[in-house]
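This report concerns only the one structure given below.
Derivation of every value follows stated rules applied to the coordinates shown; laboratory data play no part. This structure is a prediction, so every number in the text was calculated from the model and none was measured. Note: ideal-geometry Cβ built from the backbone for every residue, glycine included; neighbour counts use all protein chains shown.
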Amino acid sequence: MNRVRVLLLNAALGPLDYRVPDGMRVEPGSIVMAPLGPRKLPGVVWETESFPVEEIDPKKLRPLLEVRDVPPLRPPLRRLIEWTAAYYFASPASVLRMVLSSGAAFADNRAISEYRLNGTVPERITPQRQLALEKLVDTQGTVSELAFKAGVSVAVIRGLEKLGVFDREDVSPFAATANPSPDFGTVDLSDDQQNVSNILMEAVRASQFKPFLLDGVTGSGKTEVYFEAIAEALRQDKQVLVLLPEIALTEPFLNRFGMRFGAEPLAWHSGMKQSDRKKNWRALAEGNAKVIVGARSALFLPYANLGLIVVDEAHETSFKQEDGVRYHARDVAVMRGLYEQIPVILASATPAIESRHQVEQGNYELLELPARFGGATMPDIEALDLTEDVPPRGNWLAPTLVAALEENLERGEQSLLFLNRRGFAPLTLCRTCGHRIDCPNCTAWMVEHRLTRRLACHHCGHVMPIPEKCPECGDEDSLVACGPGVERICDEVKMLFPQARTAIVTSDTIWSPQRAADFVNQMEAGAIDIVVGTQLVTKGYHFPNLTLVGVVDADIGLEGGDLRAAERSFQQIAQVAGRAGRAEKPGRVYVQTRMPNAPVIQALIKNDREGFYAAEIEARRQALAPPFARWAAIIVSSEDNKEAMETARLIGQTAPKLDGFSVYGPAPAPLSMLRGRHRHRLLVHALRSVDLQNIMRDWLEKLEWPRAVRVGVDVDPYSFV
Ligand code: ADP
Ligand code: ZN
C-alpha cells in the first residue's frame, strides 16, 4: 500500500491521505509522523473505509516522515475510538489524544534526564531560588516537573542546574516491572466468595465479552473475589485493567495488591511524573506490564493483550468526565470489553440504577455477596432529627452525636464525620448590607478556606484574600461565614475535644496518592482519633478500628433535586456508613437530618436497599427518565450573552419534530455564568428506539453560529448545572 489515510492528532482536522515513501512499512494502527504545512504532526494510520474523505490527486500527496517504533494500535482500540467519538459527539482526534496521551509514542528511546537536590547552596540566593530549594527536598523530576512542583519558572530551575545544585540521573524510558504472581498471597475464600470467584475465573478463561455486576455490601470481599479473576488472567498471561474512581485510592490499592500478588501493578493517573507516564505507556503497549490500575483515562491506553477489566466502586459519578470528551468510563469500559471480547466486572456495594437495569434486561450477569466477611455485622444506622436533637447555637453537631464521639474517644476507637463540603463555609455574607461574595466569573458563591486564608470559587478556581471590609458597603468586621464546611466542623470538634487528634480529608488536603498513603498510614497507626471528610472518605477505605460514623447533613444531597439526587444521597450515606465496624468491633452510624421521614433516610435506617431501589426505578419508569429513555444535554456558551442566547434559540427552533424525540429549552443554565462565559442549556429526550446520535448530528451539522460560541453535547448527562 503506498497511499494511506491518517488520523492526525489535531481535533480541528479530519483524516488526511499521505503517500508511503519507498522502504517504509505501515499498516492500519501504525503510529506515524506526518507533514502538515511547515509542521510535523503525529497521527495513526487508519482504515480508509472508516473515514471517507475527498480523494485528491495522488501526485499531490505528501510523504509520511517516519513510523514510530512502537506497536500499532490494535483493531479493538481503533473501533473503540470510533465508537466513543460517534457516541459522545467528539472528534476522533480528541479521543485519539487520550490514547496517545503520554507522548511516549512519539518520543525517541533516549533516556530522560531527571534532577534532585544534592545539598549545594548557590552563593547568590533569590526568593525564587530559595523557594525552589525549600520545595524540592526529596523530589526528583524533569526540569519542568521541578519548576511546576516549586511554583517557579523553568528558567529558575535551569539557572540552579548550571550552579551545580542538582545531581542528574538519566532514567531509561523502559520500565523494569516485576510481574505479579497469581498464587503469591492467596486467601481462603468463604463459600459465597468461592462460588462467585469460580464464575469470574471461568469467564476469564472463556475470553469472551461478558459484563458482570458484582454487587456485595461494603466489606463483603468484592476485592478479594475479583483478585481471583485477576489471578486467572495472569495465569493466562493476559493483561488486566483496574479502574478506580479517585487517584487518592491508588496508593492503598497498590499496597493491598502487592500483598496478594507479590508485586505492585503499574499506576496510571494525572498526578504521575512524565517519565513514569512514558515508561508505563510503553510497558503496557509492549505487553511487559501485566496489571494497570488507574483513573478513567487508563481506559484508552493501548494494551497489548487485555484479558479483563475491573471497574471498582462502579457507581461513582466521578467516572463521568465533564470536560473535553464527555464520556462515562463505566460505559466505555463495557464497550472496550465488547471490542476486546473479554469479561468486564463492575463492582459496587451500591450499584447505579443504570447497572441494575442492565441486569434486569439480561445484559449483565448479577453476582451477589450478601454478607460481610468473617461475621462482621453491618452497622446500625440511626437518624438524628435536628429539629429535636438541636445543636447548640453556632454549632452543627447534635448532642447525641457529640456524646457518641466522646464515648468513642474514651474507648480509643476512631470516628469519622462526613460532610460533602470543602472549605470552612460555603457563603460569606455582610451583616450590614446583606451583600454575598460571589465569584466574578461564575454564578457561584466564593467559598471560605480558612486553612489557606482565602476565598475560592470551586467552579473556576478563582481565589482572593478574605476581605476585611464588605466590598459593597465598606463596613468593617461585618462579614460573617454562613453554614459549615469540613474545616468548620473540624474546629467544632477541636473546641469540644481539645485532646482529640483530628484530620481533614478533602481534595484540598489529599491531592496526591502520596498524601492519601500518609493519611492511611496515620489511620492504621492509630494516630488520628476523628476524621472529618468529604466524599473522598466514603470510598474504599478499610479501617478496622473505625467504629463511629456521623453524617453531618444528610439533606444537602437532596437539594437541587436532579434526577439522581436521591440515588446519590443513598449511595453516599450507605458508602460512608460502610466505613464503620468493618472488623470484629461493631459500628454505629448517626445521620443528622431535618427530614427523618424522607424515603432515602427511611431506607437507610431500615436497611431496606431493595425497597429503595424498587421505588426509585419505578419513579424513573413512570417519568420515562434514564435508563428507560435517553437524555442528551446541549450546552451553548459564549462570552457574549446575546450570541449565546441567539444560538441556543436557533438550535431550539430548528429541532426536528419526530416521534419519541423531544427537545426542551433553551433556558439559562443554573450555573448561568462559568469562567466568564454565559451559558444556556437544552435537554433532548429520546425513546430508546430512536437513533439519538444520528438525529442530533443531522440537526446540528446544518446549523451555523458565530465562531466565539461553543456548542457542547453531553450524552447521558450527570451534571445539570
Ligand atoms: P469489599 O471490597 O467488598 O468492601 P474487601 O475485599 O475489601 O471487601 O474485604 C473486606 C475485608 O475483609 C478486607 O480486609 C479483606 O482483606 C477481608 N477479607 C475478605 N474476604 C476475606 C477472606 N476470604 N479471607 C481473609 N480476609 C478476607
Ligand atoms: Zn468562578
Sparse-neighbourhood loop sites, trypsin sites (Lys or Arg not before Pro) in segment 622-662 - DSSP loop, at most 10 other Cβ within 10 angstrom: Lys657
Computed over segment 342-467: relative contact order in percent, which uses C-alpha pairs under 8 Å that are six or more apart: 10
Segment 190-252: C-alpha gyration tensor shape, a/c 1.5 cut-off, then a/b vs b/c: oblate
Cα→Cβ-extended label distance, 7 Å offset, between Glu134 and Thr186, nm: 5.5
Beta bridge orientation in the chain: antiparallel %, DSSP, nearest 5: 55
Segment 444-505 shape via C-alpha gyration tensor axes, a/c threshold 1.5: oblate
Computed lengthening from Leu65 to Thr387, 0.36 nm per intervening residue step minus Cα-Cα distance: 108.7 nm
The chain, relative contact order in percent, only Cα pairs under 8 angstrom and at least six apart counted: 11
Inter-probe distance in nm under a simple model that places probes 7 Å from Cα toward Cβ, at Arg110 and Asp518: 3.6
Global form of the chain, assessed from the alpha-carbon gyration tensor, a/c cut-off 1.5: rounded
Label-to-label distance, nm, for residues given as Gln622 and Phe51 (7 Å Cα→Cβ offset): 4.8
Whole-number percent relative contact order across segment 1-87, with pairs defined as alpha carbons under 8 Å at least 6 apart: 32
Among 46-59, 478-491, the order from most to least packed when residues are scored by Cβ within 10 Å on average: 478-491, 46-59
Segment 514-529 and segment 226-275: distance between their alpha carbon centers, rounded to Å: 21
³J(HN,Hα) computed for each position of segment 664-672 - Karplus, 6.51 cos²θ - 1.76 cosθ + 1.60, integer Hz, glycine/proline x: 10, x, x, 9, x, 5, x, 8, 6
Förster-model FRET efficiency, 25 Å R0, Trp83 and Glu27, C-beta, rounded to 0.05: 0.75
Relative packing of 590-603, 692-705, which averages over residues the other C-beta atoms within 10 Å, highest first: 590-603, 692-705
Free-standing Cys, the chain [no other Cys Cβ under 4.7 Å]: Cys460, Cys482, Cys490
